[in-house]
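Inspection log for the structure reproduced underneath, given as structure tokens.
None of the figures in this text is laboratory data; all of them are computed from the coordinates on show. All figures in this text were calculated on a predicted structure; none of them were measured in a lab. A quick note on method: Cβ atoms are made from the backbone with ideal geometry, for glycine too, and the neighbour counts reach across all protein chains shown.
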Amino acid sequence: MSTESHDHIYIVGAGHAGGELAFSLRQQGSTAAITIVGEEAYLPYQRPPLSKAFLKGDLEPSALYLRQQAAFEKANINLLLSRRVERIERAAKKLVFDDGREVTYSKLALTTGGRARRMTISQAAQAERAKNFHYLRTIDDVLAIRSRFEAGQRLVIIGGGYIGLEVAATAIARDLNVTVLEALPRVLARVTAPELSAFYEQVHRNAGVDLRTNIEVTGLDFNADADAITGVHCTGGVLVPADLVVVGIGQLPNTELAQAAGLDVDNGIVVNEFAVTSDPDIVAAGDCTNHPSVFCGRRIRLESVPNAVEQSRVAAATLAGKPRTYDAVPWFWSDQYDLKLQMTGLSHGYDQFVLRGSMNNKSFAAFYLKDGRMIACDAVNRAQEFMIAKRMVAACKPYDAAALADETVPLKNLAPPPPAPAAAG
Amino acid sequence: METLREYEWGVAAICGGMCSCATCHVYVAPEWAGKLPDRQSDESDLLSELQFRQETSRLSCQVRLDDALNGLSVKLAPEE
């Protein structure tokens with residue numbers, strides 16, 4: 001115990017995972033010095049509203065903060081912001097910062113998150129210098145987009161994933177003219193069933209989005225000063241005029257620091273079920289990790305806030321000497337227009353799709369079965385059934401497809417009961 | 001919810017106030033329960049499936065603090 005006062009835990013990455021990990025350490029009783037290092041100028045913040053409420057323009061950056069400055073001070077958590085870690089010297093347990101300064105860590109947590117996948121067309125570099133071309137990952141990205149987010153502007157969104165579609169919904173609410181370009185045959189192709197893709201495509205088209213699939217960006221037109229994009233060239237000889245371009249084509253994990261330090265990296269920083277990397281003094285959590293999933297029976301990397309929060313808590317427990325395994329079932333949400341989409345499990349590899357409810361009425365739950373077992377559920381405007389489906393997916397049991405689709409039988413009747421409450425309070 | 005999140009032992013509030021996750025569950029002191037705005041259907045739906053649900057359960061993200069609620073007392077529900 002007496003050595004703990006000399007301990008200094010550094011957390012590299014000031015996103016949702018980093019912020020949660022720091023407070024979780026305090027909750028687990030750690031008295032070590034704690035410092036969070038972040039490249040952005042902002043306190044750890046929530047990214048999901050970036051493509052929604054924050055983009056709409058009615059929130060200050062501080063409204064996104066997980067906790068305000070005073071809470072960090074009270075918990076004695078140091079923040080080192082606008083600062084990059086250049087490298088980790090594991091043998092000496094040192095971090096070297098971009099200003100050359102070095103510090104020694106007793107334990108290290110990597111919560112480096114991900115970054116927006118960049119375009120690979122030949123004009124990408126010129127596009128990235130243009131003032132009306134943006135990726136969407138950070139507060140600064142959205143502040144820049146927001147400054148041009150005006151009614152009547154022609155917005156071209158490259159990528160029909162969740163980010164792209166959420167931006168489209170927000171833009172429609174602000175009366176922009178919106179085009180979405182998706183290279184694959186359908187939107188949300190990597191994450192959901194064709195039925196859900198078709199549903200969301202229809203919703204966006206009905207809302208006024210010019211949504212095009214099977215179309216790839218081949219080039220860009222620039223203005224005379226070459227500092228703004230005026231049009232987007234696509235396959236098939238299509239030219240889409242643009243006042244503003246937002247690109248949402250996926251995310252890449254920030255693993256370079258770990259890789260350079262010789263940690264195991266394989267589509268994410270490789271960690272075990274206790275969030276420990278290949279170095280026992282270094283944990284990692286959040287979007288940047290490749291972790292074993294008890295639920296999936298394989299290693300996965302997730303880009304989600306629930307994963308960041310829950311895995312950070314496991315990492316903190318490990319650092320606090322109270323290890324427990326990470327065994328959460330993945331879940332996600334996305335809000336577009338009047339649709340509250342809540343998802344649990346991972347649908348990859350399903351062999352049966354079961355619809356309960358009505359897509360026309362915008363109220364349904366879609367179940368994904370594999371060998372009869374429920375592996376995932378996408379619920380639209382069905383919060384209660386989402387909660388029940390979470391238990392059903394976690395139980396990994398077989399369910400009868402006809403019964404799942406039968407709305408005369410409450411879903412609850414098919415689900416395992418919630419665990420008996422422990423003594424509350 | 002934003003107020004509770006500031007505490008070291010605050011609510012998790014994973015979805016950040018979208019009424020999507022039920023990780024900001026609190027018990028409202030009985031004398032205050034009737035003074036809060038009614039639950040909307042999303043909140044009721046999420047609460048209905050919580051194992052630690054009680055009569056005065058609320059999702060704190062759906063309770064906006066104003067002067068009328070000055071002095072409000074809540075207890076954090078156990079995490080599910």
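Tabulated data for the structure shown
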| read-out | value |
| --- | --- |
| Per residue Cα convex hull volume in Å³ - calculated over chain A | 161 Å³ |
| Shape metrics for the stretch A:338-414, restricted to C-alpha atoms - Rg then Dmax, Å | 11.1, 34 |
| Compactness relative to 2.2 N^0.38 Å, alpha carbon Rg of the stretch A:124-249 | 1.00 |
| Most fluctuating residue given options A:Asp338, A:Asp140, A:Asp210, as computed from a GNM of chain A linking Cα atoms under 10 Å | A:Asp338 |
| Enclosed volume per residue, in Å³, of the convex hull spanned by Cα atoms of the stretch B:2-76 | 89 Å³ |
| HN-Hα J in Hz across the stretch A:268-276 - Karplus 6.51, -1.76, 1.60, θ = phi - 60°, x for Gly and Pro | x, 6, 6, 10, 9, 5, 9, 6, 8 |
| Cα-based Kirkwood hydrodynamic radius, the stretch A:1-143, one decimal, Å | 16.8 Å |
| Inter-label distance, nm, simple model (7 Å from Cα along the C-beta direction), B:Trp32/A:Leu184 | 4.5 nm |
| Full-stretch length increase - A:Lys56, A:Asp227 - with 0.36 nm per residue and alpha-carbon distance subtracted | 59.1 nm |
| Whole-Hz couplings from phi, Karplus 6.51/-1.76/1.60, listed for the stretch A:364-380; x for Gly and Pro | 7, 10, 10, 9, 10, 10, 9, 6, x, 8, 7, 10, 6, 9, 10, 10, 10 |
| 3J(HN,Hα) from dihedral phi, the stretch B:38-47, Karplus parametrisation 6.51/-1.76/1.60, rounded to Hz, x for glycine, proline | 4, 6, 7, 5, 4, 5, 4, 4, 5, 4 |
| The stretch A:105-156 pair-distance distribution - Cα-Cα, 10 Å bins, rounded % | 19, 40, 25, 11, 5, 1 |
| Given A:Lys370/A:Lys390; B:Lys35/B:Lys75; A:Lys74/A:Lys94, the pairs whose alpha carbons are separated by over 24 Å | A:Lys74/A:Lys94 |
| Under 5 Å, built H, 5+ apart or other chain: amide partners of A:Phe222 | A:Thr230 |
| Check: the stretch A:338-414 dipole with +1 on Lys, Arg Cβ and -1 on Asp, Glu Cβ, in debye | 260 debye |
| Dipole of the stretch A:1-141, positive end: most advanced residue of A:Gly113, A:Ile11, A:Val37 [Cβ charges, Cα centre] | A:Gly113 |
| Simple spin-label estimate for A:Glu273 and A:Thr408 in nanometres, 7 Å along Cα-Cβ | 4.4 nm |
| For A:Phe149, A:Phe353, order by how many other beta-carbon atoms lie within 10 Å, fewest first | A:Phe353, A:Phe149 |
| Unit charges on C-beta of K, R, D, E only; dipole of the protein assembly as shown, Debye | 500 debye |
| Listed residues A:Ile158, A:Leu196, A:Thr179: farthest to the positive end of the dipole of the stretch A:149-196 (Cβ charges) | A:Ile158 |
| Packing-based ranking, highest mean first, of B:52-65, A:86-99 given that Cβ atoms within 10 Å are counted | B:52-65, A:86-99 |
| Proximal lysines relative to A:Lys56, as straight alpha-carbon distance under 19 Å, when same-chain residues fewer than 8 apart are discounted | A:Lys340 |
| Among B:Leu65, B:Val11, B:Trp32 - extreme Cα towards positive end, dipole of chain B, charges at beta-carbon | B:Trp32 |
| Centre separation in Å (Cα based) which lies between the stretch A:38-63 and the stretch A:352-414 | 33 Å |
| Amide H partners (placed H, <5 Å) of A:Val265, local residues excluded | A:Val270 |
| Residues with amide H under 5 Å from that of A:Tyr45, placed H, sequence gap 5 or more | A:His16, A:Leu66 |
| Exposure proxy ranking, count of Cβ atoms within 10 Å, fewest first, for B:Trp9, B:Trp32, A:Trp333 | B:Trp9, B:Trp32, A:Trp333 |
| Hydrodynamic radius of the stretch A:190-323 per Kirkwood, over alpha carbon pairs, in Å | 18.5 Å |
| Cβ-placed point charges (K, R +1; D, E -1), dipole of the stretch A:1-63 about Cα centre in debye, nearest 20 | 220 debye |
